[in-house]
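This report concerns only the one structure given below.
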Amino acid sequence: MYWFPRPPYMRYALVLCLVLAALWLELRPHPTERYPFARADLAAGSALSPSDIAWRDLPAGFLEAPSLDGALARPVRAGEPLRPSDFSTTDLDPPDGWWSLELDLPSDVVPGQQVRLVVLPSQGIEPPDPIPAVVVSAGSPETGPLATGSEGRIAVPPELAATAATAVAENRVTVLLGSPG
């Protein structure tokens, strides 16, 4: 009479463990993080608002999450992820040959933003055309009930620097904001 050998139960158990481990690795939930993407085209120098950001889930650690403070250092197209290198919280250098001066700026300006200085007329003197300028640094906003904005620095072209400095010293200047970038 022929006796069958005992089945290899240990091998069966080992194969079953390997199959279960492989299934667990394939089907387990992967940790994700919410990551900011540009919802629309954003210009360099613009500050972000919540409506400019679309949040998407990505695998954890896939991209480095940026701090959304500061202004954009480069233009960002719609759908691109926002990276830490896209933001500039530092002050900008004035363009070559331009002069910079300090004055009170609106609280929502960002470095790199285009502005115009409107010189208010003085008695008997015709006001000059608006002076183009670029925000070089924006200070921290003032707080309190009488806060008007923030102290900042702007750069103006050399041919209009004396006019701008005189108007700022005499407190006869108003700042017009252009679109950021």
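Looking at the chain, the accessible area is 68 square angstrom per residue; that uses a 1.4 Å probe and ignores ligands, DNA and RNA. For the chain, relative contact order (Cα pairs under 8 Å, six or more residues apart, normalised by length) works out to 20 percent. The packing ranking, built from the mean of other Cβ atoms within 10 Å per residue, places the peptides 67-73, 27-33 in the order 67-73, 27-33, highest first. Dividing the summed helix terms, -39500 (n - 2.57) for each DSSP H run of n ≥ 4, by the number of residues in the chain produces a 222 nm estimate of -5000 deg cm²/dmol to the nearest 500. Other residues within the sphere of radius under 11 Å centred on the Cβ of THR174, judged by their own Cβ, net out at +1 (K and R +1, D and E -1). Can you tell me the 0 to 90 degree angle between the C-alpha axis of helix 9-27 and the longest principal axis of the chain, rounded to 10? The angle comes out at about 20 degrees.
One way to sum up the overall shape of segment 1-88 is the equivalent ellipsoid from its Cα gyration tensor, whose semi-axes run 56, 10, 9 Å, largest first.
Here the accessible area is traced with a 1.4 Å probe on the protein chains. For the chain, carbon and sulfur cover 59 percent of it.
Using R0 = 35 Å, the C-beta based FRET efficiency linking ILE125 and ALA43 works out to 0.45. When the chain is treated as a GNM with alpha-carbon contacts under 10 Å, the residue of VAL118, VAL15, VAL109 showing the greatest mean-square fluctuation is VAL15. The share of C-alpha pairs in the chain whose separation exceeds 21 Å stands at 64 percent. Of GLU80, GLU170, GLU26, the order by accessible heavy-atom surface (1.4 Å probe, DNA, RNA and ligands excluded), from most exposed downward, is GLU26, GLU170, GLU80.
The values are calculated or read from the model by the stated rules, or taken from the named source; none is laboratory data. It should be emphasised that the depicted structure is a prediction, and the values quoted were computed from it without experimental measurement. Quick reminder, even Gly has a Cβ in these numbers, built from the backbone with ideal geometry, and neighbours come from all protein chains shown. Heads up: the accessible areas ignore ligands, DNA and RNA and are worked out on the full protein's heavy atoms, side chains in. Shrake-Rupley method; radii C 1.70, N 1.55, O 1.52, S 1.80 Å.
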